[in-house]
Amino acid sequence: MGPNAAAAKQAEKLRNDGNTYFKKDRFGAAIDAYTEAITLCPNVPVYWTNRALCHLKRNDWERVEEDSRRAIQLDSNSVKAHYMLGLALLQRQESAKGIRELEKALDLGRGANPKGYMVEEIWQELAKAKYHEWERTSSERSWELQSLKEACESALKEKHFLDVAQMEGFVDDVTPSHLEQLEALERVFEKAAEADTPTEVPDYLCCRITLDIYHDPVITPSGLTYERAVILEHLQKVGKFDPITREPLDEAQLVPNLAIKEAVQAFLDKHGWAYKVD
């Protein structure tokens, strides 16, 4: 066995030791084991993400960011690295950058190996961040709309008083027009505020089992769409059949429903309140 192979074998043993320590919540010991593995084989991304996860458990966000960035340099498609980097950036109040990393992790995580599937976990964090962002921008828009509405109403009232002064004796002819203008103004601002007014998410954008908006929609051969995590759990725990049609169904037959995915994203982009999670 050459020196490189021996180092790789020892690094893997250290990784397994680190995993054992991690499961026992011995994060310091796990960090030491992963650090030794990194010293032996610094170009293995999983050693960096494993150590980053330990730092995350200790709320050491600076080191989470450092290790996650190094893992991404080694593997730009690392779901865990983008996810943890996103969380670290959110902790630093860098919301836009954090959200971008979480969105990257979500995109990479969709369709991933079920054993490493973490879309639901990513979605929860992304949805919280996006909802907080919507709350902030929605409040700003609401204040701006209210200020503009009050200015418009004030201008209409001033115009009305000038019209009354100029057409003394014809007040009845002017008042209906003024009221109509105020009503029209009210309708305009109600329309402007619609996107920020929570309503109901359309049924076709929601999983028929969870009733929640789709996170990772997949379509079956029978043409029915489900949330991937839910249908995978059904196939693994209940049986290899479609829960609605009862037709035989295998995991390999699930295909991403890109049309629904795009429709969901378009809806969320316009209605940020729909990101709210319980």
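Of the cross-linked pairs Lys104/Lys270; Lys128/Lys237; Lys80/Lys128; Lys57/Lys128; Lys57/Lys130, those separated by over 25 Å at the C-alpha level are Lys128/Lys237. Per-peptide packing, taken as the mean over residues of other Cβ atoms within 10 Å, places 9-17, 252-260 in the sequence 9-17, 252-260 from highest down. With an a/c value of 1.5 or above and a/b not larger than b/c for the gyration tensor axes a ≥ b ≥ c computed over the alpha-carbon atoms, region 70-138 is described as oblate. For Lys97, the aspartates and glutamates whose Cα falls under 13 Å of its own Cα, not counting residues fewer than eight places away in the same chain, are Glu65, Glu133. Each Lys and Arg contributes +1 and each Asp and Glu -1, all at the Cβ; summed about the Cα centre of the chain, the dipole is approximately 2120 debye. Across region 63-70, computed HN-Hα scalar couplings (Karplus, 6.51 cos²θ - 1.76 cosθ + 1.60, θ = phi - 60°) run 6, 4, 4, 4, 5, 5, 5, 5 Hz from first to last residue, x flagging Gly and Pro. I'd like to know which of Leu126, Cys152, Pro221 lies farthest towards the positive end of the charge dipole of region 125-278, counting +1 on Cβ of Lys and Arg and -1 on Cβ of Asp and Glu. Final value for the positive-end residue is Pro221. For the chain, carbon and sulfur atoms together expose 51% of the accessible surface, with a 1.4 angstrom probe and every protein chain in place.
Comparing Cα centroids, region 188-229 and region 242-259 end up 19 angstrom apart. In the full protein context, the chain carries 60 Å² of accessible surface per residue, based on a 1.4 Å probe and ignoring ligands, DNA and RNA.
Entry note, the chain: relative contact order of 11 percent, from Cα contacts under 8 Å with a spacing of 6+ residues. For the listed peptides 195-205, 124-134, a ranking on the average number of other beta carbons within 10 Å per residue, highest first, reads 124-134, 195-205. Excluding same-chain residues fewer than 8 positions from Lys159, which lysines have a Cα within less than 27 Å of its Cα? Within reach: Lys149, Lys191.
Can you bin the chain into rounded, prolate or oblate? Criterion: square roots of the alpha carbon gyration tensor eigenvalues sorted a ≥ b ≥ c, rounded for a/c under 1.5, prolate for a/b above b/c, oblate for the rest. Note, shape of the chain comes out oblate. Rounded to the nearest 20, the Cβ-based charge dipole of region 1-156 about its Cα centre (Lys and Arg +1, Asp and Glu -1) stands at 660 debye.
The values are calculated or read from the model by the stated rules, or taken from the named source; none is laboratory data. Only a predicted model underlies this, so the values are computations on that prediction, with no experimental measurement involved. For neighbour counting, all protein chains shown are included, and Cβ atoms are generated from backbone atoms with ideal geometry for every residue, glycine included. Accessible surface is based on the protein model in full, side chains and every heavy atom, while ligands, DNA and RNA are left aside. Shrake-Rupley method; radii C 1.70, N 1.55, O 1.52, S 1.80 Å.
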